Each structure stands twice: as structure tokens, then as C-alpha cells.
Amino acid sequence: MGKIKILKKEYLRPKRRFSHHEERETTTHQEVIPDEVTSDEVTPDEVPSDEMMSDGTAGQAEIIDKVTITTASEHAEAEASDDSAPDDSAPDEEAASQVEEAAAPVTPQPAARNSHFRWLYLIPAVLFGMALMMLWHLFADQPAPEKPKTVQETLTKTEKAIKITKDHVVSVVNLQKANNLLNESEVPEEVGIGSGVIYKVTDKAAFIVTNYHVIKDAETVQVTLSNNRKVKASVIGSDEWTDLAVIKIPKGQLSGQMKFADSDKIIVGQTAIAIGSPLSQTFAGSVSQGIISGLNRAVPVDMDGDGLYDWESNVIQTDAAVNPGNSGGALVNDRGELVGINAMKISLDNVEGISFAIPSNDVKKIIAILETKHKIVRPELGVQVQDINNLQLDAVRQQLGIPADRTEGVIVMGVEGGSAAQAAGLQAQDIITKMDGKQLKSLVQFRKILYYDHQKGDTLTMTVLRQGKTEQLKAILK
């Protein structure tokens, strides 16, 4: 048996062993110590008694350096085979390396000591995630905000009608120079106010319809728009009998115009909205609402202020409030369409809610003529006539030769020289009882037949009562 050679072996203070240490130690010794170790090898009995553990087991020293135990023959054989079989020594070197790694002291790492507290780092992340989820549910559960409704969606039919037409109604001011005993004013002053409706807008101008009596005798006509801008207007045409006039202003920023309704299709009870400037410009744009109260009303009108009716207007009746200043303003339906031009009202202490408007179809016909020809050309008979009903005094009737039982017709008060009446043979104090075969009842009817049913150049047939005798006359109107 060869000599046992111990290269190096050191012992340190014994440490308490645990099961996993013993398993590692056993594995290391099994790989390093050869089977041929003799009884001279170190045994646990050689461990000093003072290194015995308290539990009665022998403590083992921690191996610091490598321990290599070989026999002399094995050592000689290993040296002899270094040159001849270098490959066979590789396993020995590998085993020695493993012994060195196993014997090396284990340095405790800080991460290993703190590994039991790593889960604490998850707490902030979990809390942050929970906060995000709460915020998400808070906003996700809320219903989506509804889109704000437009003003037009919430308006009634009447409100919509007012909204689309109000800017098309303006104030019309009649300016005249004031005369007094001392001097004449150089600056025109306001003598009257009314309303008007923008019915046509071109590239350069805006056309407005109003009442004739609103701009009558005006030296200057001023228009105040819905935005309070004041504009000077020029009179294009006017007609006293229909009480309509057309004025024009520069277009400026105007873009919209009033739409016309078919007045022949309106019925009693439909909504009627009056828009205008009652009393003064302070109340410009005022609105009142009512209904259509009546159709085809024949309302007598005193044109010259003598207390006698000179004309009969065919108008629409409404109970919408109409006051001085509303004249020339709009009467519209609930679709915002013009059904008439406000013209007059009955002003009596015991009467309320009776106003009248010129039908829109009549307005369209008249303003089309006024816009191009500037006036209404009507046929002329060339006579001055008087309504028999207005001659109440018996003495006057006897002087004029009017029979006592005659209550209808017109009496000729004078004949113009060179007129159609003179050519037809008409004389003063003749009583016209029929025109075109129609029984003549009043002066108003006489004018309506002459002006509405005939044009210049037409032949007018008349039945005349002269000194108790009836005659038939024909006149070619000029």
C-alpha cells in the first residue's frame, strides 16, 4: 500500500450544521475521496472534543482551502502520465475544480436577505392600479352628454314664424319741414311713422312696400332697419286708392326678403301675427298675435277727410292688435309668410280687436306695377259725381231734380271739357243708375266698376235718368 500524502488541510471553528449542509458536504466528499483511502484517513473521531456540538454530534470544520488526498503510487502514475495521456487528467482537474467551488466560503448577498420583503414593492403598484380602475368606472358609468338642442328645435310654430320674418319688417319715418308763423324749419322733422316690409332684394337695392298714407307729402323718407341702422329711402311709386307705396334703399348688408302667401287660400281661424312699430320707433319690432277673423271685407274709406266715404277697400279682418305705427307692417301666418299689409283699424270707444289688412295677392299686383310704372294708370271718365245717399236735405234734392223715391245711384255735379263723359253726352244733374248693366248703389261702387273692371280705351255703358227720362249712353274711356 502506498504512502498517504496530505497536501493541505485546515480546520476552523466548528459551525452548526444543518441538513442541507450535510447533503452538500457528503456529495463533495464522495466526488473527491477515492475508494482506496485506508484506516489512516482522518475520521470524525480525530475531531477535538471541544469541537463537539451541544447535541452530542461531532462538528465538522469549515474547509477553507482545497483538500487533496492521494496515494504515492497514484501521484507517481499521475505525473508519469502527464505527457502520455493528457486527456485522462482532465477528469481529475474537473473534480478538483468542483472541490474548490464547494469549499469556497459563501458570501451572503443583500438581495438574499431582502428577498422576504420584495412583495412589499407590489403594494404601491396594486394601489395605483385600483385607483385607475376606480377612475375608469367613475367616468365610464356616466352617460354621454347630450348634444345641446338648437334654438330652432325648441321654438313653437309662432316663434319660428316671428324669427324668420322679424328682420324683414322696418320702421318708415315721414320727415317734413315744419311751418309756423315765424319761420320755416330748414331741417325736416318727423311728422309720422309707420312700418314697411322688405319684399325684394337685388344686388344693389332693397325694395320695401308700405302704405301710401305713411309716406304722403313726405320731403324725406327715412327707414330704420331691425339693427337700428337708419337709411334714407327714395319713393319709387305710390297709389292713393289702394293705399300702397314702394320705396327703395341701398342693399347694404341686407340679404333676406319676405315670402308671400296665397291670400285666396287662407281661412277664418288661421293664426295671424302682426309685426311693426306701433306709436314710435321705441316699440319697433313689436309683435301681436291673433287669428283671421273675416275675409273679403268691404270697408269704406274717407280719402280726403271730409267725412264722406270716397273709396271701399277689400281687406282681411283680424283681431291681432294693430295701432298707429303698425300701418304698412306685416300680417303673417304661422309659417312666416305674408298674408297682408296692415292698413287700418276701427277706433271707437266701444270697439276692440277689429283691424284690417290688404290681401297679399292684391299687394303683389299693385307693387309690380308701382315698381315699373311708378303709378297706377286708371281710366278716366271726366266727371264729378256725388252719392245720392249723402244728399239728405229735401231742398237740395228738389233743386237737383232728384225724385223723392230715388235713393240709389250717383248724380253728376260737373263734366270736364274734352273728356270721355262730354263726348258721350253726359250732362250735369244726370243721375247714373246703372253701369255695364249693374245696378249702381253708391259712389264707391261707381269707382270700383270704373277702376277695377275697365282699362283705358274700353267702352263704358251707362243708364242715365235725366229729368224723369231714362237714356242709354256709351263712353270710350281715356
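The values are calculated or read from the model by the stated rules, or taken from the named source; none is laboratory data. Fair warning: this is a prediction, and the values are worked out from it, not measured in the lab. Backbone-built Cβ (ideal geometry, glycine too); neighbour counts: all protein chains shown.
Here are a few things to note about the model shown:
- Odd one out for Val287, checked against (1) among the aliphatic types (A, V, I, L, M); (2) within 22 Å of Lys200 (Cβ to Cβ); (3) touching a Lys or Arg at 6+ places or on another chain (Cβ under 8 Å): (2)
- Segment 302-324, residues that are buried (at least 17 other Cβ atoms within 10 Å of the Cβ) and either over 17 Å from Ser442 (Cα atoms) or of a type in the set (A, V, I, L, M) (or both): Val315, Ile316, Gln317, Thr318, Asp319, Ala320, Ala321, Val322, Asn323
- Here the condition is being over 30 Å from Pro278 (Cβ atoms) and either at pLDDT 85 or above or among the hydroxyl-bearing types (Ser, Thr, Tyr) (or both); of Gly401, Gly418, Gly336, it holds for Gly418 alone.
- Checking each residue of segment 227-248 against the condition of being small (Gly, Ala, Ser), in the same structural domain as Ile358 (by TED's automatic domain parsing), within 29 Å of Thr158 (Cα to Cα) and within 30 Å of the chain's Cα centre (by Cα) gives no match.
- Scanning segment 457-478 for residues being in contact with a Lys or Arg (Cβ under 9 Å, 6 or more places away or on another chain) and surrounded by 12 or more Cβ atoms within 10 Å (Cβ to Cβ) gives a total of 9.
- Candidate set from segment 287-316 (those that are free of Cβ contacts under 8 Å to residues at least 40 places away in the same chain and under 40 Å from the mean Cα position of the chain (by Cα)); member that is farthest from Ile449 (Cα to Cα): Ser288
- Residue that is farthest from Glu240 (Cα to Cα), among those in segment 438-465 that are touching a residue at least 40 places away in the same chain (Cβ under 8 Å) and either touching a Ser or Thr at 6+ places or on another chain (Cβ under 8 Å) or among the aliphatic types (A, V, I, L, M) (or both): Leu465
- Candidates Val351, Val385, filtered to the one that is surrounded by 14 or more Cβ atoms within 10 Å (Cβ to Cβ), of a type outside the set (S, T, N, Q) and at pLDDT below 90: Val385
Residue by residue, here is whether (1) outside the structural domain of Ile193 (by TED's automatic domain parsing); (2) within 30 Å of Gly256 (Cβ to Cβ); (3) crowded, with 20+ Cβ neighbours inside 10 Å holds:
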position: Ile346; (1), (2), (3): no, no, no
position: Leu391; (1), (2), (3): yes, no, no
position: Ala404; (1), (2), (3): yes, no, no
position: Val410; (1), (2), (3): yes, no, yes
position: Gly425; (1), (2), (3): yes, no, no
position: Lys438; (1), (2), (3): yes, no, no
position: Lys441; (1), (2), (3): yes, no, no
position: Arg447; (1), (2), (3): yes, no, no
